[in-house]
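Engineer: Dropping a structure here in structure tokens format, bear with me for questions.
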Ligand SMILES: [Zn+2]
């Protein structure tokens, strides 16, 4: 059902956890499927300096959240914003069709975290 | 039976533990042996009058008797062989509904029936019939007050399963039958998950039609049967050459039927000891899965459940993830989670017993079978807390204090 790469990210998730003093937090969920994700980012000089995720969900949900943190780490906010839903699935070597809806959440959670960061920045000014 | 040698060195991928018998069972070697001649050298058509055909006919009738005996059917002719439980359920529901349209057009089923009961009923509502779904309580028992209220003189058929494959709950069939017969309706019982595991007596329990499947008692796939009590008005769904008293046309699946007969014979002999053994394993597994883990629960009733059914759920984590972690350690189980299903909705059975979406998502189902051992149960009990811990650490739903 899942590729080797998906299973590797599921079994050994990268950047799992939370950042207590995060600069931005994005939480997205899909109640139909039962997947819920949160992404925490730490931003320094316009770059994602640190990123962590927590996920309640299926194998695809866990693997895509792990993958999106790998893709976004060290990127500028502008670059990270461009990481799309299909980029995550492609980097994992594809996902079963039925799983596309849960795997879309990972990119959404990242974008939500960046948006949260920008909002907070704006409020500070 | 293989010996347990890897217990001390841990599980390697080559030693696998199969606890998904509700999804599929291995064929008993004795069944396979009985079938082989009917694949290799016996091939006459039972409808033919010559000796080749009569040899075949004889074998089918022996199998029919064995299947009848297992459920104490009054006569062999009440067993109609089909391609499996789905066809049997379709035949029972559509066959009774259409044939008795002059008596009424109302059908009743429970909300936790298999899709092969629910969907024929749903289909019939597009053909001028009315179907009422009866809710179940937290354990999965059919609400009898509700059933009594819904039964009318228009009701021709009530379809309630014997035991639920997903939560294990065994229905009070005799009580339901008395209620249904009080309104002159027929009772169809889907005994796919139960037959061969618990003693069923169609006469004593007042069952008019009963669905049973071969693979669920270690017989081959692609064969099942519908028991039809004498006098029940049933019409065919498949029309053709008139086999099975015109109720199920099509050349008989000879090796399948012979295998089913052998499987039924073995089930009748071994059920008393095997079911007791399974109940012991079941209760130990349930206790071992729940006791060491906080926020864990049993799905279904603790005692009125199928001997092989272990259905549990863990809060804050999701079923498919649990299955993948189990599989990585060599254990095959099942889940009611939406993410493992084609529909993306959590199981209607788990929703039916009142579980919220997030509760249903954390369900795991172990269905035990003949080859499962005490050692295998011990192994699963040992690895489960680690799996739950890993997934809870990953979950944003887990309360902080639980992980400290
Ligand atoms: Zn999912």
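Engineer: Calculate, in nm to one decimal, what residue B:101 and residue B:332 gain on full extension: separation in residues at 0.36 nm each, minus their alpha carbon distance.
Structural biologist: 78.6 nm
Engineer: Right, another one. Any idea what the relative contact order of the stretch A:59-125 is, in percent, if you count C-alpha pairs under 8 Å spaced at least 6 apart?
Structural biologist: Details: 49 pairs, mean separation 28.1, N = 67.
For the stretch A:59-125, the relative contact order is 42 percent.
Engineer: Sorting A:43, B:117 on the 10 Å Cβ count, fewest up front, what's the list?
Structural biologist: A:43, B:117
Engineer: Now, a different point. With runs of 4+ DSSP H residues as the only contributors, calculate the mean residue ellipticity of chain B at 222 nm using -39,500 (n - 2.57) per run, divided by the residue total and rounded to the nearest 500.
Structural biologist: Roughly -12000 deg cm²/dmol at 222 nm, from the helical runs in chain B.
Engineer: Roughly what angle does helix B:374-394 make with the longest principal axis of chain B, taking Cα atoms, 0 to 90 degrees, to the nearest 10?
Structural biologist: For helix B:374-394, the angle is close to 60 degrees.
Engineer: Based on the mean of other beta carbon atoms within 10 Å per residue, what is the order of B:233-246, A:96-109, most packed first? Display every interim value, and only then the final one.
Structural biologist: Working: B:233-246: 15.5, A:96-109: 21.4.
Taking the mean over residues of other Cβ atoms within 10 Å, the ranking is A:96-109, B:233-246.
Engineer: Per residue of B:310-320, count partner chain C-beta atoms within 10 Å of its C-beta, then hand back the mean as an integer.
Structural biologist: Partner Cβ neighbours, averaged per residue: 3.
Engineer: Could you work out how much longer the chain between residue B:55 and residue B:297 gets when fully extended? Use 0.36 nm per residue separation minus the Cα distance between them, nm to one decimal.
Structural biologist: Once the chain is fully extended between residue B:55 and residue B:297, it gains 81.8 nm.
Engineer: Please give the residues of the stretch B:111-142, grouped as numeric ranges, whose backbone N is less than 12 Å from a label point set 7 Å along the Cα-to-Cβ vector of residue B:149.
Structural biologist: B:134-135
Engineer: For helix B:173-182, report the angle its Cα long axis makes with the longest principal axis of the Cα atoms of chain B; keep it between 0 and 90° and round to the nearest 10°.
Structural biologist: 40
Engineer: Which FRET efficiency value, to the nearest 0.05, is calculated for residue B:357 and residue A:122 with the Förster distance at 51 angstrom and r the Cβ-Cβ distance? Each step should come with its number before you reach the end.
Structural biologist: On the way: r = 35 Å, r/R0 = 0.69.
Efficiency, from the Cβ-Cβ distance: 0.90.
Engineer: Applying a 10 Å radius around every beta-carbon, put B:201-212, B:217-228 in order of their mean neighbour count, most first.
Structural biologist: Output ranking for B:201-212, B:217-228: B:217-228, B:201-212.
Engineer: Just to confirm the number: angle between the C-alpha axis of helix B:51-70 and the first principal axis of chain B, 0 to 90 degrees, nearest 10?
Structural biologist: Long axis of B:51-70 versus the principal axis of chain B: about 50 degrees.
Engineer: For a footprinting-style exposure proxy, rank A:39, B:380, B:310 by other Cβ within 10 Å, fewest first.
Structural biologist: Fewest to most other Cβ atoms nearby, the residues stand as B:380, B:310, A:39.
Engineer: Give me the number: length gained by fully extending residue A:115 to residue A:82, i.e. 0.36 nm times residue separation minus the C-alpha to C-alpha distance, one decimal in nm.
Structural biologist: Length gained between residue A:115 and residue A:82: 10.6 nm.
Engineer: Then there's this: Within a 10 angstrom radius of each residue's Cβ in B:361-373, how many Cβ atoms of other chains show up on average? Whole number is fine.
Structural biologist: What the average comes to for B:361-373 is 1.
Engineer: Given only helices, namely DSSP H runs of n ≥ 4 each adding -39500 (n - 2.57), what is the per-residue ellipticity at 222 nm of chain A, to the nearest 500 deg cm²/dmol?
Structural biologist: It comes out at -14500 deg cm²/dmol, rounded to the nearest 500.
Engineer: Grab the beta carbon distance between residue B:345 and residue B:378, set R0 = 51 Å, and tell me the FRET efficiency rounded to 0.05.
Structural biologist: After rounding to 0.05, the efficiency reads 0.90.
Engineer: Here's a follow-up. Arranged by the count of other C-beta atoms within 10 angstrom, fewest first, what order do B:284, B:305, B:392 take?
Structural biologist: Going from least to most buried by this count: B:284, B:392, B:305.
Engineer: Treat each spin label as a single point 7 Å out from the Cα along the C-beta direction, and report the residue B:276 to residue A:1 distance in nm.
Structural biologist: Inter-label distance under the simple model: 3.8 nm.
Engineer: Does chain B classify as rounded, prolate or oblate by the C-alpha gyration tensor (a ≥ b ≥ c root eigenvalues; a/c under 1.5 gives rounded; else a/b over b/c gives prolate, otherwise oblate)?
Structural biologist: Oblate is the answer for chain B, as a/c is 1.5 or above yet b/c matches or exceeds a/b.
Engineer: What is the average number of partner chain Cβ atoms found within 10 Å of a Cβ in A:57-69?
Structural biologist: Numbers: counts 11, 12, 8, 3, 4, 7, 1, 0, 1, 1, 0, 0, 0.
Mean partner-chain Cβ count within 10 Å for A:57-69: 4.
Engineer: Right, another one. Between residue B:287 and residue A:12, what FRET efficiency comes out of the Förster formula 1/(1 + (r/R0)^6) with R0 = 41 Å and r the beta carbon distance, rounded to 0.05?
Structural biologist: 0.80
Engineer: What percent do you get for the relative contact order of the stretch B:43-192 when only Cα pairs under 8 Å and 6+ apart count?
Structural biologist: Details: 205 pairs, mean separation 27.5, N = 150.
Relative contact order, the stretch B:43-192: 18 percent.
Engineer: What spacing in nm lies between the two simple spin-label points modelled at residue B:370 and residue B:400, each 7 Å away from Cα in the Cβ direction?
Structural biologist: Each label point lies 7 Å from its Cα, and together they span 5.5 nm.
Bear in mind that the values in this text are calculations on the coordinates, not laboratory data. Computed from a predicted structure; not experimentally measured. Backbone-built Cβ (ideal geometry, glycine too); neighbour counts: all protein chains shown.
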